[in-house]
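For reference, the structure is listed below as structure tokens.
What follows is calculated from the coordinates using simple rules that are stated; it is not laboratory data. Predicted, not measured: the structure shown is a model, and the values here were computed from it. Note: ideal-geometry Cβ built from the backbone for every residue, glycine included; neighbour counts use all protein chains shown.
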Amino acid sequence: MMQGPAGPSNTVETTAPVLGIGAVGKRFGATRVLQNFTLEVAEGEIVTLLGPSGCGKTTLLRCVAGFWEPNGGTIEIDGQDIVDVPVNRRPVGVVFQSYALFPHLTVARNVGYALRMRNRPRAEVAQRVASVLETVSLTGFENRYPSQLSGGQQQRVAIARVLVMEPRVLLLDEPFNALDAKLRGAMQVELRQLIKRLGLTSIFVTHDQEEALTMSDRIAVMSGGKIEQVASPDEIFDRPATAYVADFIGVSNFWETQAETGHVRLPDGQTVMTDLTGGVKVMTRPHNLRLGPPEAGPWKGTVSFHRNVGPLIEYHVEASDGNVIRVSAMRQERDRPVKDRSQVSLSVIDPASCSVYPG
Amino acid sequence: MAEAAIHRRITPPGFGEQVADALLSGRGIWPAVPAIVVLTVVAVIPFAILLSLGFSDFEISRGAIVSQTFSLAHLTNALTDPLYWITFQRSMNLALSTTALCLLLGYPVAYLFLTGGRWTKRLILVLTIAPLLTSGIVRTYAWLVILGGRGVLNSALLQTGLIDQALRIMNTHWAVLIGMVQIHLPVMILPLIAVMSRHDSRLVEASENLGASRIGTLRTVILPLSVPGIGTGSALVFTLTYTTFVVPQILGGGNYLNAATMIYEQVVFSLEWSKGSVSSLILMVTCLIVLVAIALLTNHFTKWTKGHDA
Ligand SMILES: Nc1ncnc2c1ncn2[C@@H]1O[C@H](COP(=O)(O)OP(=O)(O)OP(=O)(O)O)[C@@H](O)[C@H]1O
Ligand SMILES: [Mg+2]
């Protein structure tokens, strides 16, 4: 089932999802942790579940893996409902948050575990273990115990242990949590490339938005056991479907105002089209705003803080209406940054890139 | 605050403080000192006296030892006396079979504790610990009521017609074995539970996720990880049963001679202190041999815990 380089099977039926989760619910006593959760994952796609702590990400993974039984709904793999299939017969591989490596088994035996449980011949086990260990660059570590490995190495073992059984669906629950920031960044890219190369259909869980943007083909932003929006990283960032998503992903500026017929007037005088009426919330990203001299426009403010973030300068501007607006600009060597406490005017660069939500 | 710091530096700690510091420092032998003192007074010294009696000929007059000469006679007598061999063999058999049965019966209970829900866990804990709240003697007498000629078991079997003559269980090897197993079962179950619940429950899930059946998981994950518990439980049960006195005395009906009852008779009835002393020594040495064997086996199966030199 591990996909080779684009075989003929890749060209047929590309539309049927590999994993289909339909209206899944999960309760613990009176608390509803998942509500009407629906998601489809296509062949070879990485979908990330992104959401705050406690929103039900792990719960969903545990239902798909079969550790918990959902209260209603369907979970299908290649069109077959697997809700009644026992854990050890599901073609699903889980990389646990804590890795859950077997402490009493060496790296090689950890990785070969799934094959031994399927009674594969010794020679085949040895050969496949060696090849998977090579895939995750752990050749030479065969005879170590997990306690003798660094966090990053343990994590590779956890991934290798699941890859060896060639799962149809791969579930990863915050696999980078235990790693330091730098290693994390490197492993994200590496893991994404590995999953893509193997063509594994995956659900990836995180509450780190940058990680989600790096890893995913699509991101499902969750809140309180439901999906707020599921879309490509670009679309989630540029066109957040709800104010919640906009607030959760990236830095956002909101201001509340009244919609007039067919449009909303921005503080700098420009207008944005909308179908909404009454009270609305307008959102735009810091890079869609520009600072100018105080006399250049009607929307005035005072710079209260600025800092350099790599190639960007980030400003906090206290607008005359009391909002604190965040603006970012490319840092160019010649430009002196606008000083704190200086008077400025604000303007929106592209009104069409603003989002309008019901107030 | 600065004043307090200076004050602390220039005042030498009092003697009491020094002792308390040493005891609590957790370094060297200090934290064990109170236990060592108590054990020396109540165990090591009396035992040394007892041993000295086993390796000497002595005379007692008016309650005090008046002359004592070194002798190996008691030891050689004991080692050549078939009664000793039979008795110690009986003790060893009883202890080993009790340990094996406790493990066989206790392991599934501990497994149930591991896999069961909240209420299963509570029930198991209560049922395991409750018997420990009553004295072993009371529990042993309870078996008299059950196993006796007109006891609960025989009445039930007779009434249902499964047998037509009362079984003779009391005062046999079987009665002793049954009583021993029941009394020592908690001592096996508790360390098993303690060791098993120390491990991440995700390991069991990971195993099943990787395709292992329940049995496969038990064999390849739960069992190897519970070896330290098996070792501890077995060592405890073995030591307790090998040296036990009460159960054989009561359920064996006074004619069941094991090492402890033999020592009791030698010391209390026939006042042969030297014999008693040698018997105690044999009991202790043979017990240690088995304990070392258990420790070596446990170590062999838990090599992975000593990660660094693998
Ligand atoms: N066994 C359980 N019994 C009762 N409630 C539970 C149980 N497991 C999880 N919950 C609840 O379900 C909710 C979702 O938990 P879940 O572990 O899925 O969150 P999560 O999104 O993975 O969070 P995190 O990012 O912190 O890992 C939480 O409010 C949690 O308290
Ligand atoms: Mg979680």
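Which of B:L127, B:L177 has the fewest other C-beta atoms within 10 Å, and how do the rest follow up to the most? Provide the component values of the computation, followed by the final result.
Values: B:L127 13, B:L177 18.
In increasing order of surrounding Cβ atoms, one gets B:L127, B:L177.
Starting from the Kirkwood radius over alpha-carbon pairs of the protein assembly as shown, derive D by Stokes-Einstein at 37 °C in a medium of 0.692 mPa s and give it in µm² s⁻¹.
Numbers: Rh = 32.4 Å.
Translational diffusion coefficient: 101 µm²/s.
Please compute the contact order of chain B in relative form: average sequence separation of alpha-carbon pairs under 8 Å and at least six residues apart, divided by the residue count, as a percent. List each step's numbers first, then the result.
Numbers: 293 pairs, mean separation 67.2, N = 310.
Relative contact order here is 22 percent.
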If every alpha-carbon in region B:75-301 counts as one equal scatterer, what log10 I(q)/I(0) does Debye give at q = 0.08, 0.11, 0.17 1/Å? -0.38, -0.68, -1.20
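Multiply the residue gap between A:S150 and A:S342 by 0.36 nm, knock off their C-alpha separation, and tell me the result in nm, one decimal place.
On the way: separation 192, 0.36 × 192 = 69.12 nm, distance 5.00 nm.
Net length gain for the segment: 64.1 nm.
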Extent along principal axes [Cα atoms of region A:101-193; Å; largest to smallest]: 40, 30, 19
By how many degrees, 0 to 90 and rounded to 10, does the Cα axis of helix A:122-135 deviate from the longest principal axis of chain A? 20 degrees
Projecting each Cα onto the charge dipole of the protein assembly as shown (Lys/Arg +1, Asp/Glu -1 at the beta carbon, about the Cα centre), which of B:G254, B:P186, A:P240 comes out farthest on the positive side? B:G254
If contacts are Cα pairs under 8 angstrom and at least 6 residues apart, what is the relative contact order of chain A in percent? 16 percent
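Evaluate E = 1/(1 + (r/R0)^6) for A:D78 and A:A241, where r is the Cβ-Cβ distance and R0 equals 51 Å; express this FRET efficiency to the nearest 0.05. Show your work: numbers first, answer last.
Working: r = 29 Å, r/R0 = 0.57.
Once rounded, the FRET efficiency stands at 0.95.
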Express in whole angstrom the spacing between the alpha-carbon centres of region A:164-224 and region B:112-128. 38 Å
Cut-off 11 Å, label 7 Å out along Cα→Cβ of B:A194, residues of region B:231-274 by amide N: B:232-233, B:236
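When Cβ neighbours within 10 Å are restricted to other protein chains, what is their mean count per residue of peptide A:98-107?
Working: counts 4, 3, 9, 4, 10, 9, 12, 4, 2, 0.
Taking all residues of A:98-107 together, the mean is 6.
Take the Cα radius of gyration of region B:172-298 and divide it by 2.2 N^0.38 Å, with N its residue count; two decimals is plenty.
Numbers: Rg = 19.8 Å, N = 127, 2.2 N^0.38 = 13.9 Å.
Here the answer is 1.43, to two decimals.
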Could you tell me the relative contact order of region A:219-359? Use alpha-carbon pairs under 8 Å, at least six residues apart, and round to a whole percent. 24 percent
Per residue of A:87-96, other chain Cβ atoms within 10 Å number on average 4
Just name one of B:L223, B:F15, B:L177: the one whose Cα is farthest towards the positive end of the charge dipole of the protein assembly as shown (beta-carbon charges, Lys/Arg +1, Asp/Glu -1). B:L177
Describe numerically, in nm with one decimal, the distance between label points set 7 Å from Cα along Cα→Cβ at B:A20 and at A:T31. 4.3 nm
